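What follows is a short report on a single structure.
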2 protein chains.
Amino acid sequence: MQFVSVDQLALFISKCFIAVGISKREAQVVAGLMAESDLNGSDGHGVFRLPQYIDRIQSDGINLKPNIRIIEDKGAMAVVDGDNALGHLVMHHATEIAINRAVEHGVSWIGVRHSNHAGPAALYAKMPLKKDMIGIYVAVGSANHLPPWGGTELLLSTNPIAVAIPALEEQPIVLDMATTVAAYGKIKTAAQRGESIPEGWMIDGEGNPLTDPAKSHEGFLLPIGGPKGYGLSLVFGLLAGTLNGAAFGKNVVDFNADSTSFTNTGQFIVALSVESFGNLKLFKKNVDEVIRSMRASPKLPGFDAIRVPGERSFQTKCQREQSGIPIPDELFEVLNTLADNLKIEPLRL
Amino acid sequence: MQFVSVDQLALFISKCFIAVGISKREAQVVAGLMAESDLNGSDGHGVFRLPQYIDRIQSDGINLKPNIRIIEDKGAMAVVDGDNALGHLVMHHATEIAINRAVEHGVSWIGVRHSNHAGPAALYAKMPLKKDMIGIYVAVGSANHLPPWGGTELLLSTNPIAVAIPALEEQPIVLDMATTVAAYGKIKTAAQRGESIPEGWMIDGEGNPLTDPAKSHEGFLLPIGGPKGYGLSLVFGLLAGTLNGAAFGKNVVDFNADSTSFTNTGQFIVALSVESFGNLKLFKKNVDEVIRSMRASPKLPGFDAIRVPGERSFQTKCQREQSGIPIPDELFEVLNTLADNLKIEPLRL
């Protein structure tokens, strides 16, 4: 395991992007968001994805000179065409629009088409917090791993939602969740380690529990709450994808398997200006009270603490600000091979 | 089992409300929505609730002359104070505002405070469909049955969400779900029938599966996807309750146990004007295609069909429009005792 600071990591990522033709300003935006993902503990959505992004750029699967622009506009809502830019750029731009629009309208809903994989959902839901706004982000996942309830065809993705809510003295509540019981990354990790996975994560083609992750290609992820999670994944896909003219269902491109086809990824971000709803400080104080009342509940046997969403991620962030972001040796090698190929300096420790 | 038409049922309900002092116009609005709930198969949220609503009115727990009004307003968003009216009246009013505002702004978000139990979530999410809009409704549930994840104190409700999305030739998609694996009503029904409940619905105070519904008071509902459903219930409660200055968490009044305390129920409704996002007909056609692709998936053993959310409810509606709404004998007696007490004519068959 190697440890790097968030600044070192962001600098390395931006140099990689610049080396393949992204402008310096845009490379810095994307690198900053990716390094922030790692800082917050979203290890599967930060620098881990860099080789894949670079591969897609080198395969002409990403537009290096995008014209990210508003194509529908009613003030409180707009649709942004990402022009097949890196997803982080599109969503960063869309979220800035959402924040600005919510100042005037109290609420804003910005849909996105022709975007790409944009990292962890929490990144964008958290951006409105800086203006004391609530953020809600939903994305069409970048590969289908979920069949409809009762079916076997992979027509749905883990379509995640993130919601960020400001507090006063407490840290904000930041929910970031897939609509499946387990994210696909966890299955892959278990397979690498030769561990079995719990019943309830996956089923096989006959509907029986699948607990050997090495056989994951023979089965399907299970949605949370059975038909409920299927329903959530379906409506999230229609709202983040179809409504914006983006891909959903059969049309979703598996970006893990295909680096050239345009993904037409869809996402949306909602910003709510808390002070439009009433007294800002009172709201934040009430959120503190809700957080504290949850924590103060008597505990079930086996639980050391009751947490609110975002708490673990915040603890990880504090820890990594002190001791650096851990980079597994294998990933470290992959990144420095990438640096070699791009003729840039390796990742510094 | 007795069968009544939706019109007979609505007429009966409105007479009950008029008898306890609700204006004729308002009684008709609430009765229409309640009878529609029964027509659509939401048996636990329609006329079944009438005796409880009447009891609350007679216990001065409802304001009979409410001034339902906007107290915060930025155009695309507003907060409505329900003035402790019947929840159906408040939400009907708020949803009309949401629809009107979405015409101009493309999106609208109307929060509600000082409301009450308003029946099934789908009722309000479906209202925007008549204007080719998408509706999203979230409510703070009217009794806490859920502890935070890892805890044992009942601080959360089943806080449901409903999302309604228009289609072209297909019926609209209508998701209506609690954030718990099972609704509390299903536990009660199993207890009445002396049946056990499946593992995964409830746990006891030690965290072990609880399968005897007669012991439900010793245990807790389980959220969908464990900590994920807890997170959803929490953020839905903050958005529908706290943000609007309505009750959430410790402050929620159990309206089953207490008919006098003001509940200060919170809800919100979002309307999205589809044509603001692009071509309306194309969108609806794409929704049709998504629905058909889900249905066409190969099936797992044991499944007779793959459904989309709202399909069962629509089938129930068609059936009940033909053969009437079934009223169990026990409920039929309760309703006619109520009619006796209110000195109105009994429910006609």
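No value in this document is a laboratory result; all are computed from the given coordinates. Keep in mind that this is a model prediction, so the values were computed, not measured. Ideal geometry is used to build each Cβ from the backbone, glycine not excepted, and the neighbour counts take in all protein chains shown.
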Positive end of the charge dipole of the range A:123-263 (Lys, Arg +1 and Asp, Glu -1 on Cβ, about the Cα centre): tell me which of A:Ile173, A:Ile203, A:Gly141 has its Cα farthest that way. A:Ile173
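State, as an integer percentage, the relative contact order of chain A based on alpha-carbon contacts under 8 Å between residues 6 or more apart.
Over chain A, the number comes to 23 percent.
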How far is B:Asp60 from itself in the other copies, in nm, if each label sits 7 Å out from Cα along the Cα-Cβ line, shortest first? 7.9
When B:Ser108, B:Ser261, A:Ser14 are ordered from fewest to most other Cβ atoms inside 10 Å of their Cβ, what list results? B:Ser261, A:Ser14, B:Ser108
Helix-only [θ] at 222 nm, chain A, -39500 (n - 2.57) per DSSP H run of 4+, per residue, nearest 500, equals -12000 deg cm²/dmol
When B:Thr337, A:Thr95 are ranked with the fewest other C-beta atoms within 10 Å first, the list becomes B:Thr337, A:Thr95
Which whole number of Å³ per residue matches the convex hull of the alpha-carbon atoms in the protein assembly as shown? 147
Under DSSP loop assignment and at most 16 Cβ neighbours within 10 Å, longest trypsin sites (Lys or Arg not before Pro)-free interval of chain A: A:1-342
Apply the Karplus parameterisation 6.51 cos²θ - 1.76 cosθ + 1.60, with θ equal to phi minus 60°, to every residue of the range A:132-138 and state each ³J(HN,Hα) to the nearest whole Hz, in sequence, with x for glycine and proline. 6, 10, 8, x, 10, 10, 9
With helices defined as uninterrupted DSSP H runs, which ones in chain A have an alpha carbon span along their own long axis of at least 24 Å and mean Kyte-Doolittle hydropathy of at least -0.5? A:87-105
For the range A:81-162, fraction of C-alpha pairs farther apart than 15 Å, in %: 60
Is the shape of chain B best called rounded, prolate or oblate, per the rule: a/c under 1.5 gives rounded, else a/b larger than b/c gives prolate, else oblate, with a ≥ b ≥ c the square roots of the Cα gyration tensor eigenvalues? rounded
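Dipole magnitude of chain A about its Cα centre, charges +1 at Lys/Arg Cβ and -1 at Asp/Glu Cβ only, in debye to the nearest 20?
Charge dipole, chain A, about its Cα centre: 780 debye, nearest 20.
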Answer with one residue from B:Asn84, B:Ser157, A:Ser108: the one whose Cα lies farthest towards the positive end of the charge dipole of the protein assembly as shown, charges on Cβ with Lys, Arg +1 and Asp, Glu -1. A:Ser108
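Of all the stretches in chain A, which is the longest one without any exposed loop site, taking GluC sites (Glu not before Pro) in a DSSP loop (any state but H, G, I, E, B) with at most 13 other Cβ atoms within 10 Å?
After excluding every exposed loop site, the longest remaining stretch is A:1-168.
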Diffusion coefficient in µm²/s returned for the range A:153-279 by Stokes-Einstein, Kirkwood Rh over C-alpha pairs, 25 °C and 0.890 mPa s, is 146
By its C-alpha gyration tensor, with a ≥ b ≥ c as the square roots of the eigenvalues, how is the range B:30-189 shaped: rounded for a/c under 1.5, else prolate for a/b larger than b/c, else oblate? rounded
Residue exposure sequence - B:His117, B:His217 - by fewest surrounding Cβ within 10 Å: B:His217, B:His117
Treating only Lys and Arg (+1) and Asp and Glu (-1) as charged, each at its beta carbon, one finds that the range B:241-331 has a dipole about its Cα centre, in Debye to the nearest 20, of 540
For the range B:1-60, whose charge dipole is built from +1 on Lys and Arg Cβ atoms and -1 on Asp and Glu Cβ atoms, the candidate among B:Gln2, B:Gly32, B:Ser14 with its Cα farthest towards the positive end is B:Ser14
Could you tell me the distance between the Cα centroids of the range A:6-37 and the range B:191-214, to the nearest Å? 52
What value does the range A:217-327 have for Rg/Rh, both radii from Cα atoms and Rh as Kirkwood defines it? 1.07
Rounded, prolate or oblate (a/c below 1.5 giving rounded, otherwise prolate when a/b exceeds b/c) for the range B:259-299 by Cα gyration tensor: oblate
The convex hull of the Cα atoms of the range B:121-219, divided by residue count, gives a volume in Å³ per residue of 118
